[in-house]
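Enquirer: Could you have a look at this structure, given as C-alpha cells, before my questions?
Here, each number is a calculation from the coordinates, and none is a lab measurement. Quick caveat, the model's predicted, so the values are computed rather than measured. Every residue, glycine among them, receives a Cβ derived from its backbone with ideal geometry; neighbour counts consider all protein chains shown.
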Amino acid sequence: MIPGTNVDIGGKSYTLPPINLRIYFDHEADLAIIFKPEGNADKAYVTAVQNVLIASIQRNYPDFGEADAMDISYPDIGQIVKALLSNAGFTHSPLESGAKAPAENPPTEANS
C-alpha cells in the first residue's frame with residue numbers, strides 16, 4: 001500500500017497515493033484543466049478530476065474504476081482535488097508582487 005491521504009468515496013475509505021510521473025505525463029491535459037479551472041465547463045473540470053483520481057487511486061486499488069468514482073459527492077470534489085494536488089507536492093504559490101525586472105546595462109564604449 002502506497003501511503004497517502006484518506007478520502008471517502010461512496011461511504012468507503014481509500015488511501016489516495018500521490019500522483020506519480022506516469023500519471024503526471026499521461027494526464028497532462030487533465031491537470032491543465034485542474035490547475036486553471038476558469039473557462040472550463042464544470043463537466044470538463046469534473047471529468048479531469050475523475051480521470052486523475054482514478055489513475056491515482058488505482059495505484060493502491062487496481063479494481064477502482066469509473067463506476068466507483070461516480071459515487072463521489074459533488075460537494076466533495078474540492079477536497080478530492082486538494083488531496084490529489086497536495087499529495088503530489090503541488091502548492092499554491094502566488095506571484096511575488098512588486099518584483100522588478102533586472103536592470104539592463106546601457107551600452108557603453110566598453111561593451112558595445
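Enquirer: Can you tell me how region 10-87 classifies by the Cα gyration tensor, rounded, prolate or oblate, using a/c under 1.5 as the rounded cut?
Expert: oblate
Enquirer: Run the dipole for region 10-87 about the Cα centre, Lys and Arg Cβ at +1, Asp and Glu Cβ at -1, nothing else charged, and hand back the magnitude in debye, nearest 20.
Expert: Result for region 10-87 is approximately 220 debye, rounded to the nearest 20.
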